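**Student:** The structure's right below; bear with me while I get my questions together.
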């Protein structure tokens, strides 16, 4: 994908078939020269999934097809943040922390096959991508779940890595991957319009959470990484996403997810999630908005037959300087994890970030505040000084 109007051409641009670690926290992949990776800024075209339908080959692929030699990508961050209290019984005054240390492996034995994995004793992601036709790619393994504009993180609630900064639950897993299969279809690809459609069948969420009103009743777990153990029922999660990109400037997406979450031996209960998102790229200025709502059916032992969960985010970023190495980002969002209860997990966050990227390393300073006041919360402010490297 080329640069948007008004954007400089990106050197070393990451092809849409790559797992782009630079997007773990909206850090553009630096490959020297201080130029922006405009493909990353327009990630709305790829939607939630960092493996685009052109995967595993294409004109932008930096790997040589037909070589089984492993290719590695690295992501690392170090944070010095302050969040006194944070929530009842938790939070820190000042601490160094590491949100992510990733080494990703790619092997491309033929132009139509690519294997990618998180190099770890407990890998969060591993996937075999097989290009069936020029416009259709099948994916197998613990695949990225295409929902919203996350790539691979979501920012529901108004803060990246919000689940890492509280003792509570999160709207979706920090890294949303699951065992199953997926299909990516590039339905339309012209100079002005691009339409991508993605579908999948997965194991899905499971009954491992805690009901805030009925502690002994079964409840789905949302914030934790989905396990690699066998599924807890015969039913499978199904879903998909469609994303339309217009003139390399406007992006509109819709997502759907449904699954049975209860164990096989219990009454079947399902959850269904709908999402909508919007992106805009005006060269130096980019905009993102997303909204999701989930309806969850509960067993007869619960205090109510069902509950709703909802979250949204808003992000506005502007790049400064002749080479656009400075970025100012305003971000906000809300989340309510169970409409039957009001607790410390409900948030209304607003904040600002100033970032400087001279090369493959980015330095940033961020401040955000939770505007939703509750007696359970002992502090509402979060300040983070951060360095990130992605190459």
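**Student:** Of (1) in a strand (DSSP E or B); (2) closer than 21 Å to residue 291 by Cβ, residue 363 satisfies all except one. Which?
**Tutor:** In the conditions (1) in a strand (DSSP E or B); (2) closer than 21 Å to residue 291 by Cβ, residue 363 misses (2) alone.
**Student:** Exactly one condition in (1) under 21 Å from residue 189 (Cβ atoms); (2) at pLDDT 90 or above is false for residue 141; which is it?
**Tutor:** Of everything listed in (1) under 21 Å from residue 189 (Cβ atoms); (2) at pLDDT 90 or above, residue 141 misses just condition (1).
**Student:** Mind counting the residues in the stretch 114-160 that are at negative phi and in a loop (DSSP other than H, G, I, E, B)?
**Tutor:** Qualifying residue count, the stretch 114-160: 22.
**Student:** Of everything in the stretch 267-283, what is in a loop (DSSP other than H, G, I, E, B) and surrounded by 16 or more Cβ atoms within 10 Å (Cβ to Cβ)? Give them in sequence order.
**Tutor:** 269, 283, listed by residue number.
**Student:** Could you say whether any residue in the stretch 236-247 is part of a loop (DSSP other than H, G, I, E, B) and more than 21 Å from the chain's Cα centre (by Cα)?
**Tutor:** yes
**Student:** Restricting the stretch 340-359 to residues that are surrounded by 17 or more Cβ atoms within 10 Å (Cβ to Cβ) and out of contact with any strand residue (DSSP E or B) (no Cβ under 6 Å at 6 or more places or on another chain), which is modelled with the lowest pLDDT?
**Tutor:** 345
**Student:** Turning to a different aspect of this structure: Scanning the stretch 198-235 for residues that are surrounded by 18 or more Cβ atoms within 10 Å (Cβ to Cβ) and not in a loop (DSSP other than H, G, I, E, B), which turns out modelled with the lowest pLDDT?
**Tutor:** It comes out as 202.
Results for (1) modelled with pLDDT under 95; (2) more than 20 Å from the chain's Cα centre (by Cα), shown as yes or no for each residue.
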position	(1), (2)
263	yes, yes
292	no, no
308	no, yes
316	no, no
322	yes, yes
334	yes, no
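**Student:** Turning to a different aspect of this structure: I need the full set of residues from the stretch 248-266 which are part of a strand (DSSP E or B) and over 17 Å from residue 148 (Cβ atoms), in order please.
**Tutor:** 260, the sole residue that qualifies.
**Student:** Scan the stretch 89-101 residue by residue and report those that are within 30 Å of residue 143 (Cβ to Cβ), in a strand (DSSP E or B) and at pLDDT below 85.
**Tutor:** 101
**Student:** So is residue 314 in contact with a strand residue (DSSP E or B) (Cβ under 8 Å, 6 or more places away or on another chain) and without any contact (Cβ under 8 Å) to a residue 40 or more places away in the chain or not?
**Tutor:** no
The values are calculated or read from the model by the stated rules, or taken from the named source; none is laboratory data. Remember, it's a predicted structure, so these values are computed and weren't measured experimentally. Methodologically, a virtual Cβ is constructed for each residue, glycine included, from the backbone with ideal geometry; neighbour enumeration extends over all protein chains shown.
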